[in-house]
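As structure tokens, the structure follows; a few thoughts come after it.
The values are calculated or read from the model by the stated rules, or taken from the named source; none is laboratory data. Predicted model, so just to flag it, every value in this text is computed and none were measured. As a convention, Cβ positions derive from the backbone with ideal geometry for all residues, glycine included, and neighbour counts pool all protein chains shown.
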Amino acid sequence: MLIIAASYSSKEKRSYLLIQARLAWGFSIKRPFVSKGQPSYTTFPPTTLIGAISYPLAKIKGSGELIIKRGKIYSVAEEFKDIFKAASAIITQEKRDVPSGVYWEDINRYQILQFQKDVRRRDPMFRFGTVPSGKVMGPGSMVRIIYLVDEEKARNVLGSSWDQILIEAGYSITRIGSKESIVSVEKVDLGEPVMMVNELCTRYPHPKDIIQTGFTPKECPDKEYNGWYEETFWDNTYEWRDILTYRTFIVPGTRNPVFNGWIRIRLKDGVKGYLIEEDGIAEFL
């Protein structure tokens, strides 16, 4: 990896917010493309991570859960999303040969008569249905979240004490994903990243469209490699009833059971990369 000293204009200054949170039992984040079925991701979409910190930010700023902008309804995450130039997370492993999570689906019984045609609503045969509900079981596993922060936009949205507000919001995160996906935040750090050039070694998911065309992720020297896979997430939009677009990400490690690992990626020209502690993170939001 080639590393250079960070050099920014006042409008390009970046900070990072690094949050370490412990899962109570695991998490569930519903995948797109399905309606009745409820499979879960085994990693964390950027929209979920921005939503996780937007909830405490909204409480600190006295906002509600929804906002109206340009005559349309948005999640309150819309108010804060431009602060973040990247949002990515991993579940760390405490032991090399022990996964940090395992995918599981419960079979739940739901009353579905209200969705049936009129002629079926009185028929007991159509009163109930079974729905698989996906989740990742990882009690006590540690999640490391990195937010790359645009300082100027943070100052414009949160005020002059933006740094303290972000730290307070980081400690106030209570869940990542569904309302049952409870976490306990143990540590929050705010710091300045080191600017990098061209290639990154990372454990964190990154969009495929910021990686140099034709470049295949490779192993990092002296780092554990567990392969990689592609995952599709919603793009960074929070408008109610918006027609959503999707973005493909490269995720280091394995989908199930959940093992993380390191990969080396080469960024397209113009994409900014940074070193945060030992991990590379690129701007992608």
Strands (runs of 3 or more DSSP E) wholly inside the stretch 51-150 containing at least 1 residues that are within 17 Å of the chain's Cα centre (by Cα), of a type in the set (Ser, Thr, Tyr) and on the phi > 0 side of the Ramachandran plot:
none
Which members of the stretch 62-72 meet the condition of being in contact (Cβ under 8 Å) with a residue 12 or more places away in the chain and either touching an Asp or Glu at 6+ places or on another chain (Cβ under 8 Å) or within 14 Å of Tyr171 (Cα to Cα) (or both)?
Ser63, Ile67, Lys72
Picking from Leu275, Leu267, which residue would you name as being of a type in the set (A, V, I, L, M) and in contact with a helix residue (DSSP H, G or I) (Cβ under 8 Å, 6 or more places away or on another chain)?
Leu267
May I ask you to list the residues in the stretch 109-123 that are exposed (fewer than 11 other Cβ atoms within 10 Å of the Cβ) and out of contact with any helix residue (DSSP H, G or I) (no Cβ under 9 Å at 6 or more places or on another chain)?
Arg109, Gln111, Gln114, Asp118, Val119
Of all residues in the stretch 157-184 being surrounded by fewer than 17 Cβ atoms within 10 Å (Cβ to Cβ) and either of a type in the set (Val, Ile, Thr) or farther than 23 Å from Ile29 by Cβ (or both), which is nearest to the chain's Cα centre (by Cα)?
Thr174
Every residue from the stretch 151-179 that is assigned to a loop (DSSP other than H, G, I, E, B) and touching a strand residue (DSSP E or B) at 6+ places or on another chain (Cβ under 9 Å)
Ser172, Ile173, Thr174, Ile176, Gly177, Ser178
All conditions in (1) touching a Ser or Thr at 6+ places or on another chain (Cβ under 6 Å); (2) at pLDDT 95 or above; (3) under 30 Å from Glu283 (Cβ atoms) are true of Lys135 except (3)
Candidates Asp82, Asp106, Asp97, filtered to the one that is surrounded by 14 or more Cβ atoms within 10 Å (Cβ to Cβ) and not aliphatic (A, V, I, L, M):
Asp82
Can we say Thr245 is touching a Gly at 6+ places or on another chain (Cβ under 7 Å) and either buried (at least 21 other Cβ atoms within 10 Å of the Cβ) or not aliphatic (A, V, I, L, M) (or both)?
no
Determine, yes or no, whether Tyr229 is modelled with pLDDT of 95 or more and either outside any loop (DSSP other than H, G, I, E, B) or surrounded by fewer than 20 Cβ atoms within 10 Å (Cβ to Cβ) (or both).
yes
Picked from the stretch 204-235 (must be out of contact with any Ser or Thr (no Cβ under 6 Å at 6 or more places or on another chain) and of a type in the set (S, T, N, Q)), the residue nearest to Glu79 (Cα to Cα) is Gln212
Which of (1) of a type outside the set (Asp, Glu); (2) surrounded by 15 or more Cβ atoms within 10 Å (Cβ to Cβ); (3) within 16 Å of Phe233 (Cβ to Cβ) is the odd one out, the single condition Ile67 does not satisfy?
(3)
Could you list all residues from the stretch 243-252 that are touching a residue at least 60 places away in the same chain (Cβ under 8 Å) and not in a strand (DSSP E or B)?
Leu244
